[in-house]
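Quick notes on the structure that follows.
The values are calculated or read from the model by the stated rules, or taken from the named source; none is laboratory data. In this text, all values refer to a predicted model and were calculated from it rather than measured experimentally. Reconstructed Cβ throughout: ideal geometry from the backbone, glycine too, with neighbour counts over all protein chains shown. Side chains included, ligands, DNA and RNA excluded: accessible areas come from the protein's heavy atoms. Shrake-Rupley method; radii C 1.70, N 1.55, O 1.52, S 1.80 Å.
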Amino acid sequence: SYERFPGQFDLWLRDHFGLRQQAIAVYSNLKVRLFGTSPLPDQVALGTSYKWLYLNNYGSLHSYVRAVPFSESRIATFEKEAIRAHEWCMEHGIVYAWLFLPRKANVYTENVPRWFVRRGEQSHLDIFLARMQEHPEVLVLDGRPALDAAKVASADPLYYPDDSHWNPRGVYSVYPFL
């Protein structure tokens, strides 16, 4: 309708004006390289080097910091789900394994931002793995030792420094573990 056109055009223009992507790239580079700050601090945190970026969202930050307690009800929910999945797979002749892998901040702790300060002694994964020892029939695998060994063996990163995902070397370091 004619009444909505000006508002819709304004929204379109804000998102499609000429050189928008280039302007965003210049702005981001200035923030990072000149001022040493993230252009999106609520989403991405700069590591000790501007080349190392870390997600600054709820899951990633709290996984590293260990500030949020792992409630008994959440542990019980994960435990029940692991047992339920194991039983279903057994009924269907499927081998069930639950592989846990750490986030980048938990592998490259030396590069995390200085304000990522650990508070708790045990991670949620540590607590869950201890709980699952009560259920040896459920195959729960911890990928941290394999990644730690691969990190020590070579200076090549296992995760992309500017991304939250692991790279092919990281994948291959866990593959023999399976």
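Taking PHE116, is it over 14 Å from VAL174 (Cβ atoms) and part of a helix (DSSP H, G or I)?
Answer is no for this residue.
So, TYR54, is that one surrounded by 13 or more Cβ atoms within 10 Å (Cβ to Cβ) and hydroxyl-bearing (Ser, Thr, Tyr) or not?
Considered against the rule, which asks whether it is surrounded by 13 or more Cβ atoms within 10 Å (Cβ to Cβ) and hydroxyl-bearing (Ser, Thr, Tyr), TYR54 comes out as yes.
Please indicate, with yes or no, whether at least one residue in segment 33-47 is part of a helix (DSSP H, G or I) and touching a residue at least 12 places away in the same chain (Cβ under 8 Å).
yes
Which one of ARG119, ARG103 is out of contact with any Leu (no Cβ under 9 Å at 6 or more places or on another chain), at pLDDT below 90 and within 25 Å of LEU46 (Cα to Cα)?
One residue alone meets the criteria, ARG119.
Taking segment 89-99 only, how many residues are surrounded by 11 or more Cβ atoms within 10 Å (Cβ to Cβ) and modelled with pLDDT under 95?
Matching residues across segment 89-99 total 4.
Kindly indicate which of LEU61, LEU11 is open to solvent by less than 40 Å² (accessible area, probe 1.4 Å), part of a helix (DSSP H, G or I) and of a type in the set (A, V, I, L, M, F, W, C).
LEU61
How many residues are of a type outside the set (A, V, I, L, M, F, W, C) and without any contact (Cβ under 8 Å) to a residue 24 or more places away in the chain when one looks only at segment 110-133?
Residues that pass the stated criteria total 2.
Among the numbered criteria (1) open to solvent by 60 Å² or more (accessible area, probe 1.4 Å); (2) under 29 Å from LEU139 (Cα atoms), which one does PHE35 miss?
The failed condition is (2).
Please specify each residue of segment 16-32 satisfying the condition of being surrounded by fewer than 13 Cβ atoms within 10 Å (Cβ to Cβ) and in a helix (DSSP H, G or I).
HIS16, ARG20, GLN21, GLN22, ALA23, ILE24, ALA25, VAL26, TYR27, ASN29, LEU30 - these are the residues of segment 16-32 that are surrounded by fewer than 13 Cβ atoms within 10 Å (Cβ to Cβ) and in a helix (DSSP H, G or I).
If I go through segment 127-152 residue by residue, how many of them are open to solvent by 30 Å² or more (accessible area, probe 1.4 Å), in contact with a strand residue (DSSP E or B) (Cβ under 7 Å, 6 or more places away or on another chain) and assigned to a helix (DSSP H, G or I)?
1
Residue by residue, here is whether (1) under 21 Å from GLU72 (Cα atoms); (2) surrounded by fewer than 17 Cβ atoms within 10 Å (Cβ to Cβ); (3) among the aliphatic types (A, V, I, L, M) holds:
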site	(1), (2), (3)
LEU101	no, no, yes
VAL117	no, yes, yes
SER123	yes, no, no
SER154	no, yes, no
PRO168	no, yes, no
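Only one of (1) of a type in the set (Ser, Thr, Tyr); (2) assigned to a helix (DSSP H, G or I); (3) exposed (fewer than 12 other Cβ atoms within 10 Å of the Cβ) fails for TYR2. Which number is that?
The one condition TYR2 does not meet is (2).
Are any of the residues in segment 75-93 of a type in the set (Lys, Arg) and without any contact (Cβ under 8 Å) to a residue 60 or more places away in the chain?
Yes, some residue in segment 75-93 is of a type in the set (Lys, Arg) and without any contact (Cβ under 8 Å) to a residue 60 or more places away in the chain.
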